[in-house]
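One structure is given here, and the rest of the page talks about it.
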Amino acid sequence: MKNISKRNLRLKHRNSKEQENVELADQADLAALSALSCPYPLSHRISFSVQKKIQLARAELYARLGDTGFNPDTFDIVPLSIEIPELSPALENYRIVQISDIHLGQWITAERLRGVVDLVNMQDPDLVAITGDFVSYVFEPLADDLASSLNKLYPGDAVVAILGNHDHWVGAEGIRDLMRECGVLDLSNDVFTLTKGRAELHIAGVDSVMENRDRLDLVMKKLPSKGPAILLAHEPDFADISSKTGRFNLQLSGHSHGGQLVIPRYGTPVRSWHFRKYPLGRYQVGSMVQYTNRGLGTNLFWSRINCPPEITVIDLKAKEE
């Protein structure tokens, strides 16, 4: 009789825990839906500790339901050709594969990220560019899974990355340490110059604009005065600032997740801080092309409508005179 009572107690505790997870997941969906009309980020309305609790509870629930697997058809591989003035013939068809907003530990599980890495490698990239938000509200329990996947990226030249606002919220130094251990070049407020013989291509980056960590002034001091240049900036609306330098041919961004809701022939109605003007896709901003990747993962609101997660395959072309 004593053992039966203990079993019933365990079942009661388990059912109570599962019900709590369901309720937290429902709360997350309702809160995220209300954020569609919110003039400022939902993260400024819900405490970090609550967001962390919601993430962990929902992840546990979906793991119990077995909804963690990778399906390659879920991900949209988007080809993009960009003409670059003064691009050397040695860099013609140079291929950059961009991924963004992994948000590992939310909808993107370790298994899904491993599958994404395989898809990225299948594109035969010369360079992999990651434009921020590796995680959301939890880092340390996910660090090994993140490192394992980053270590399996095999571009011809390098993996480069910048940080997003979420990376700062969980602790930027921890993310940077992991990047270093995995051989990922941190281009936050920095410049990396790639050379092919005498040909050069400058890849620059700024740290999170939302967190006021961007230092374009430092980037401009480090950036050589000549040669094609590409800028990584997590927040896409930074294009209005970077384009005015006249120094960048292309800016690659994320942050918006494409709004996660796209209405055909209209676009996304979801706009918020730093992605009001350039929420998804390609834009011409002065002489610079701005491209906003829809991201891989999601944050509080896990659903996507007509807005699949994206891997962007960018081929650089010499501009015909």
**Complete:** Computed over all unlike Cα pairs, the Kirkwood hydrodynamic radius of region 199-321 in Å stands at 15.2 Å
**Asked** With a 10 Å Cβ neighbour count serving as the proxy for reagent exposure, in which order, fewest first, do Thr109, Thr312 appear?
**Response** Thr109, Thr312
**Message:** I'm a student and want to see the number: the projected area of the Cα convex hull of the chain, averaged over all directions, in nm².
**Reply:** 18.0 nm²
**Sites Arg215 and Leu119 - FRET efficiency at Förster radius 45 Å, r taken between beta-carbons, to 0.05** = 0.85
**Message:** Please give the charge dipole size of region 130-243, origin at the Cα centre, charges +1 on K and R Cβ atoms and -1 on D and E Cβ atoms. Round to the nearest 20 debye.
**Reply:** 680 debye
**Prompt:** Given 0.36 nm per residue, what is the gain on full extension from Ser225 to Asn151 after removing their alpha carbon distance, in nm?
**Reply:** 23.3 nm
**Prompt:** Using only Cα atoms, what is the ratio of the radius of gyration of region 42-199 to 2.2 N^0.38 Å?
**Reply:** 1.14
**Complete:** Given pairs Lys221/Lys244; Lys196/Lys221; Lys196/Lys317 and cut-off 20 Å on Cα-Cα distance, the over-length ones are Lys196/Lys221
**Fill in**
Final fewest-first order of Asp240, Asp167, Asp101, Asp126 on the 10 Å Cβ neighbour count is Asp240, Asp126, Asp167, Asp101
**Request:** Quick one: among Pro141, Pro309, Pro72, which has the greatest mean-square fluctuation in a GNM of the chain with alpha-carbon springs under 10 angstrom?
**Result:** Pro141
**Asked** Using the count of nearby Cβ atoms within 10 Å as a rough guide to exposure, how do Val270, Val160 rank from fewest to most?
**Response** Val270, Val160
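Any read-out appearing in this document is the output of simple, stated calculations on the displayed coordinates, not a laboratory observation. Remember, it's a predicted structure, so these values are computed and weren't measured experimentally. Cβ atoms come from the backbone with ideal geometry, glycine included; neighbour counts cover every protein chain shown.
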